[in-house]
Amino acid sequence: MERAEAYGFSGAVSGAFLLSCLLFAAVSRRQRGPYMDEVFHVPQAQAYCQGRFLQWDPMITTLPGLYLLSVGVVKPAAWLLGWTGSVVCSVGMLRFINLLFSAGNFYLLYLLLLKIHQKNKAVSGFQRILSSLTLATFPTLYFFTFLYYTDPGSVFFTLFAYLMCLYGNHKTSALLGFCGFMFRQTNIVWTVFCAGNVVAEKLNEAWKTELQKKKDEKISSKKGSFSDLTRILQFLVKYLISPKNLVKLTALTWPYIVLVTVFFVFVFINGGIVVGDRSSHEACLHFPQLFYFLSFTVFFSFPHLLTPTKIRKFLLSLRKHPVQYSIITVISLFLIWKFTYVHKYLLADNRHYTFYVWRKVFQRHELVKYVLVPFYVFAGWTFADTLKSKSIFWILMYFVCLLAVTVPQKLLEFRYFILPFLIYRLNIPFPSIYRQLLELGFYTVVNAVTFNLFLNRTFQWENSDEIQRFMW
């Protein structure tokens with residue numbers, strides 16, 4: 001890192017942290033007590049602070065990583081600073097843990113951008129800092145920096161594991177992946193993603209060697225026609241059924257294999273992936289979740305995905321391949337028809353944005369969900385088009401992980417989209433500075449509106465004296 005870039009990054013991190021501290025103080029003044037899921041998380045952490053490690057709230061569905069780490073940070077800090085009484089493990093103190101995670105995420109995002117795009121010498125230090133700042137203030141993640149939720153810590157350990165994987169420190173990556181798993185069980189998918197990075201790299205090397213042997217055949221390792229894709233899939237099957245190749249890949253990815261084995265042992269002993277209350281977290285094949293994620297991504301990355309050039313390219317592709325797009329459309333309609341689920345929380349809890357998205361859009365008419373299919377097809381095309389710089393094996397691996405982390409979820413919850421979105425956004429080519437500034441400006445507006453609603457537009461339910469607030 002050059003000196004000017006180092007000073008610029010330090011200034012950006014310091015400025016963002018100072019602004020977050022001011023916003024943290026405002027949130028803490030307005031909402032002093034636990035809110036929403038904090039009602040479960042805060043008492044559980046406080047029980048751990050008091051040494052009651054066998055106490056467990058059955059309504060909590062995640063493993064105790066957040067509470068264990070909180071005790072590991074707060075207790076030594078209280079001892080060093082001489083804090084006693086109610087201030088130790090208070091709501092504000094516990095929430096502050098996530099503010100530290102937020103600063104850590106900023107740094108990790110910068111390091112990941114530096115590593116992933118290290119070969120692109122055209123990218124300036126200013127662009128890297130700007131993208132890091134933008135992603136660090138990604139609205140759905142940034143909001144939960146100020147509440148005692150698992151999201152900032154879950155993102156921190158997953159991004160850290162991904163960074164170590166890219167540097168080839170696979171034992172450390174698997175250990176950090178375990179920490180991420182302790183925050184949220186579905187993070188095991190991103191452990192598989194890290195292992196998949198290693199496998200995709202070896203596959204790409206072998207594929208290039210295969211191409212060298214067949215110089216007379218015009219096959220692309222990045223993107224190609226349907227026949228090219230068929231040849232790639234044939235190569236993939238041939239490579240993976242070779243015992244020699246399997247032994248080589250196992251030797252490279254064994255730390256991740258151990259962690260995935262631990263996960264399956266946990267699922268077997270626990271009787272499922274969810275701990276505590278399982279009645280509201282049942283897995284199902286909710287394929288439209290993929291369409292919701294693509295729409296979510298286009299919304300938050302519109303400066304890169306929703307451009308006149310992209311639309312023209314899509315229409316040209318549509319004219320060239322009408323049969324393929326017709327098949328995709330029919331399949332999408334079928335998946336929406338047979339696999340759309342509506343969780344009871346989505347219909348009942350008017351504090352979440354998803355409640356209003358569902359009511360204002362999908363509940364207007366029963367045909368709305370089908371009318372949106374052309375937009376989903378475009379969203380899928382533009383999403384894939386921005387990843388064309390990655391190898392076909394990386395893209396296949398990412399999409400498998402994306403399906404695994406979204407489709408089984410019955411509840412439409414924007415928080416479930418944070419990690420797949422960030423990993424996608426980290427891996428697309430650097431946009432122009434103008435588009436980056438537009439993206440940052442958009443995130444700033446969304447954050448400002450969100451916090452204004454949360455802090456100032458309170459309401460009450462009938463038969464309840466508690467103050468309710470709007471949130472993601």
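Around C179, what is the net charge, scoring Lys/Arg as +1 and Asp/Glu as -1 over all other residues with Cβ under 15 Å from its Cβ? Could the numbers behind the result be given before it?
Details: positive: K171, R184; negative: D151.
So the surrounding residues net to +1.
Taking the mean number of other Cβ atoms within 10 Å as a proxy for protection, how do you rank 248-258, 95-105, 76-86 from highest to lowest?
Numbers: 248-258: 16.2, 95-105: 20.9, 76-86: 10.6.
Listed from highest to lowest mean packing, they are 95-105, 248-258, 76-86.
Net charge near W381, counting Lys/Arg +1 and Asp/Glu -1 over other residues with Cβ under 9 Å of its Cβ?
+1
Can you pull out the cysteines in the chain that have no other Cys Cβ under 4.7 Å?
Here C21, C179, C284, C401 come out as lacking a disulfide-compatible partner, given the Cβ-Cβ threshold of under 4.7 Å.
Can you report the principal axis dimensions of the chain using only the alpha carbons, biggest first, rounded to whole angstrom?
Extents along the principal axes: 76, 52, 52 Å.
Could you give the accessible area per residue of region 328-377, probe 1.4 Å, as a whole number in Å²?
Numbers: 3160 Å² over 50 residues.
I get 63 Å² per residue for this part.
Expressed in nm², what is the orientationally averaged projection area of the convex hull enclosing the Cα positions of region 282-431?
Numbers: hull surface 37.7 nm².
With every direction weighted equally, the projected area is 9.4 nm².
Using the Cβ atoms and a cut-off under 14 Å, what net charge is assigned to the surroundings of Q460, where Lys and Arg are +1 and Asp and Glu are -1?
Result for the neighbourhood of Q460: 0.
Need the list of aspartates and glutamates near K360 for cross-linking: C-alpha distance under 19 angstrom, and skip anything on the same chain fewer than eight residues off.
Of all the aspartates and glutamates, those that pass the test against K360 - Cα under 19 Å, at least 8 places apart if same chain - are D349, E413.
Leaving out ligands, DNA and RNA, what percent of the accessible area of region 282-431 is carbon and sulfur, probe 1.4 Å?
Details: 4770 of 6830 Å².
Answer for region 282-431 is 70 percent, counting heavy atoms of protein chains only.
In degrees, nearest 10, range 0 to 90: what is the angle between the Cα axis of helix 373-385 and the longest Cα principal axis of the chain?
80
Do the sum for the chain: with -39,500 (n - 2.57) for every DSSP H run of n ≥ 4, divided by all residues, what is the mean residue ellipticity at 222 nm, to the nearest 500 deg cm²/dmol?
Result for the chain, helices only: -22500 deg cm²/dmol.
Kindly flag which residue pairs out of K208/K388; K171/K388; K208/K248; K310/K390; K208/K244 have an alpha-carbon separation exceeding 20 Å in this structure.
Working: K208/K388 17 Å; K171/K388 30 Å; K208/K248 18 Å; K310/K390 18 Å; K208/K244 18 Å.
With Cα atoms farther than 20 Å apart: K171/K388.
Please sort 156-166, 382-392 by packing, taking for each peptide the average over its residues of neighbouring beta carbons within 10 angstrom, highest first. Can you show the working numbers first?
Working: 156-166: 24.5, 382-392: 17.9.
Taking the mean over residues of other Cβ atoms within 10 Å, the ranking is 156-166, 382-392.
If you average the alpha carbon positions of region 444-463 and of region 138-191, how far apart do those two centres end up, in angstrom?
Each part's Cα centre sits 28 Å from the other's.
The values are calculated or read from the model by the stated rules, or taken from the named source; none is laboratory data. Bear in mind the structure is a predicted one, so any value in this text is a computation, not a measurement. So basically every Cβ, Gly included, is an ideal-geometry build from the backbone, and we count neighbours across all protein chains shown. All accessible areas refer to the heavy atoms of the entire protein, side chains included, with ligands and DNA or RNA removed. Shrake-Rupley method; radii C 1.70, N 1.55, O 1.52, S 1.80 Å.
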